[in-house]
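Okay, so here's the structure we're looking at.
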Amino acid sequence: MSLSRRRSPASRGAVLNLFRRLHFYIGLFIAPFIFVAALTGTLYVLTPQLENVIYSDALTAQPQGMAKPLSRQIEAARHYAGQNAHIYAVRPAPGMHDTTRVQFAAANLGPSESRSVFIDPYTLKVKGDMTVYGTSGVLPLRMWIDQMHRSLLLGDTGRSYSELAASWLWVAALGGIVLWLTTRPPRQAKKARTGFALTRHWHVTLGLVLALGLVFFSVTGLTWSQWAGNNINKMRSELNWLTPQVNTALNSSGASMPVDPHAEHHGAMDGMVMSAKTAAPRISNYLNTDWDRVLSAARSAGIEAAKVELRQPKSADQAWTVTEVDRSWPSQVDSVSVNPNDFSIVDHVEFATFPLVAKLTRWGVDAHMGVLFGLPNQLILALFGVGLCSMIVLGYRIWWIRRPAMPQLNPAQTLSSAWLALPLYAQGVSLILVLALGYALPMMGISLLAFVLLDIQRWRKVHRAAQPKAEVSPDKQSPLAIIQSRFAVKRKEMRYFLRSVAVLALIVGTIMARAMISGVIEQYQIPFSNWSLMMYLTQAMMILLYSTVFTGLLSIPLWYFFLGESDEQGK
């Protein structure tokens, strides 16, 4: 008993050192990615009202008597887009002052994108023609911000950045709470805080206030991710937690199939491609009058939401679908399938019958996007985003203030030394936990491996520096020799640092140039050779701005590796 008591404080200290070092690595290496995700996410939730103003001509209509039938509106859109253009979906005007969206599929559009033609329900005039994205139907401004938030405009490859940020965010939040609970000083009389104490106070305070929200953003963000999201979907599928989908098969008694609520974010739109193995051919476009009859049948079956989306059958043996798309509280996401032959109801799925986890997923996704509770939801998310960005800046300032000026008096701490100090059972438990998390969250596993490799290198460097060396004592060296030795060490490290930053800037600049130039060409269909001088200058400034920002953020780990906590510094 006495032996366990003597070991307990040492074991507790080793665990805390491990938490502290891991928290430090997350803050140093992962925080730039979390910062970008928080900043772009904040911009996304603050732009719906701005988007409504910018695209007001396309979104609004002036009531002039009775609205024309939906079939007439679709006919006008098809006349404008071309009779051979395939209709992907139709969203009737939800209010008297709104336009109808007729969305067309196109081969040159990205996943979950469609060409939307906005029709005035009263005059049948085309009010707008632009690309929209996803079930939420965001317009080009928010679509650009959303793609920046999810993938840095780099497609599926860029999605790894947001998955990396989401994978570590919950660890940083919970780890920070553990460190605060175990290391907070006893409460004392209130006194003025300055410098490091003030910075740490606000960093800790923001962390405690935002902790629950950070875990929420991390979990909901992971469900959108590329690798961890697939693992989460597999688990939900095995536990029967997926969102039910209305059955569209005709002459079939099959049950409703589950669907991923994030499908519009990482997959191609349904109906855009027809497999050669499909027996029944797809009908290009059904009669315009059929859309009216399908909507009427859905309304009779209980589809009451103002915001609905109609999709025609993908093939002759499938049914129409009418889905409520109102994501605000209370959620209206019921759906029905309608037989194209006699317009009878084939299947009806109600949100009230969803499994609890499917409901929580739906609410979590909508809250993450800032649409569940409208403006209050947006403001709360914006406060969380600004708070998280501020906390990251304060964290870097804490590191900068506490960086060791005399490393020989403040030996470099490493993750490896902290782990080796753990008891054997704790080492075994930590390895099992790391393997499990690395399998479930692949980006966490890969980045943790990079942490460990970097840390082992620094750990070996510390041990080599600790070996006794035959050195001339400072009192026997000339002042010029001391200055020259210090300058030589700093010059060498600075040279390596500057070379690394130059290579990083070249890589970042190349990626940004390719992403932005190709993005403009794809969005506006203007070849690079036909750009105006203003377009060249504007895009060059954008490339320079983003390249500078991301080079600066990604240079922080390089600064730490070459110049921060160096054992040679100050000798």
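The values are calculated or read from the model by the stated rules, or taken from the named source; none is laboratory data. Computed from a predicted structure; not experimentally measured. Using ideal geometry, Cβ is built from the backbone for each residue, glycine included, and neighbour counts are taken over all protein chains shown. To get the accessible areas, we keep the full protein, side chains included, count just its heavy atoms, and leave off ligands, DNA and RNA. Shrake-Rupley method; radii C 1.70, N 1.55, O 1.52, S 1.80 Å.
If you take just the helices (runs of 4 or more DSSP H) that sit entirely in segment 51-157, which of them hold at least 3 residues that are out of contact with any strand residue (DSSP E or B) (no Cβ under 8 Å at 6 or more places or on another chain)?
70-81, 140-151
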Q: Kindly provide the set of residues from segment 69-86 that are at pLDDT below 95 and under 21 Å from Ile303 (Cβ atoms), ordered by number.
A: none
**Q.** Residue within segment 24-41 that is farther than 30 Å from Tyr425 by Cα, at pLDDT 90 or above, of a type in the set (Phe, Trp, Tyr) and touching a Gly at 6+ places or on another chain (Cβ under 9 Å) present
**A.** no
(Q) If I ask for residues that are more than 10 Å from Val45 (Cα to Cα), in a helix (DSSP H, G or I), open to solvent by 20 Å² or more (accessible area, probe 1.4 Å) and of a type outside the set (Gly, Ala, Ser), which ones from segment 352-388 would you list? (A) Thr353, Leu356, Val357, Lys359, Leu360, Thr361, Arg362, Trp363, Pro376, Leu383, Phe384, Val386
Q: Being part of a helix (DSSP H, G or I) and aliphatic (A, V, I, L, M) is the filter; apply it to segment 296-351 and report the residue that is most open to solvent (accessible area, probe 1.4 Å).
A: Ala297
Q: Please go through segment 209-235 and pick out each residue that is of a type in the set (A, V, I, L, M, F, W, C), more than 15 Å from Leu437 (Cα to Cα) and open to solvent by 70 Å² or more (accessible area, probe 1.4 Å).
A: Val209, Leu212, Phe216
Q: Would you mind stating whether Val322 is among the hydrophobic types (A, V, I, L, M, F, W, C), more than 30 Å from Ala37 (Cβ to Cβ) and touching a helix residue (DSSP H, G or I) at 6+ places or on another chain (Cβ under 7 Å)?
A: yes
Q. Hey, among Thr157, Thr135, Thr131, which residue is surrounded by fewer than 20 Cβ atoms within 10 Å (Cβ to Cβ) and modelled with pLDDT of 90 or more?
A. Thr131
**Q.** Per-region count, segment 139-154, residues of a type in the set (Val, Ile, Thr) and surrounded by fewer than 20 Cβ atoms within 10 Å (Cβ to Cβ)
**A.** 0
Q: Search segment 201-219 for residues that are closer than 21 Å to Ala367 by Cα and in contact (Cβ under 8 Å) with a residue 12 or more places away in the chain and pair each with any residue that is aromatic (Phe, Trp, Tyr) and buried (at least 17 other Cβ atoms within 10 Å of the Cβ) when their beta-carbon atoms are under 7 Å apart and the residues are at least 6 apart or on different chains.
A: Leu210/Phe384; Gly213/Phe384; Leu214/Trp170; Val215/Trp170; Ser218/Trp170; Val219/Trp170
Q. Residues of segment 315-352 being touching a residue at least 40 places away in the same chain (Cβ under 8 Å) and of a type in the set (A, V, I, L, M), which ones?
A. Ala319, Val325, Val336, Val338, Ile345, Val346, Val349
Q: Can you give me the number of residues within segment 530-543 that are without any contact (Cβ under 8 Å) to a residue 12 or more places away in the chain and open to solvent by 50 Å² or more (accessible area, probe 1.4 Å)?
A: 9
Q.
Which condition from (1) within 24 Å of Ala352 (Cα to Cα); (2) modelled with pLDDT of 55 or more; (3) out of contact with any Asp or Glu (no Cβ under 6 Å at 6 or more places or on another chain); (4) surrounded by 15 or more Cβ atoms within 10 Å (Cβ to Cβ) is the one that Arg293 breaks?
A. (1)
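For segment 359-371, enumerate the residues that are out of contact with any Lys or Arg (no Cβ under 7 Å at 6 or more places or on another chain) and either among the aliphatic types (A, V, I, L, M) or free of Cβ contacts under 8 Å to residues at least 40 places away in the same chain (or both).
Residues of segment 359-371 that are out of contact with any Lys or Arg (no Cβ under 7 Å at 6 or more places or on another chain), as a first pass: 359-365, 367-370.
Those that are out of contact with any Lys or Arg (no Cβ under 7 Å at 6 or more places or on another chain) and either among the aliphatic types (A, V, I, L, M) or free of Cβ contacts under 8 Å to residues at least 40 places away in the same chain (or both): Lys359, Leu360, Trp363, Val365, Ala367, Met369.
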Q. Which number in (1) within 18 Å of Ala31 (Cβ to Cβ); (2) not in a helix (DSSP H, G or I) marks the one condition that Pro244 misses?
A. (1)
Q) Restricting the first residue to segment 429-458 and requiring it to be under 13 Å from Glu163 (Cα atoms) and in contact (Cβ under 8 Å) with a residue 12 or more places away in the chain, which pairs with a second residue that is polar (S, T, N, Q) and not in a helix (DSSP H, G or I) meet a Cβ separation below 8 Å and a spacing of at least six or different chains? A) Met443/Ser225
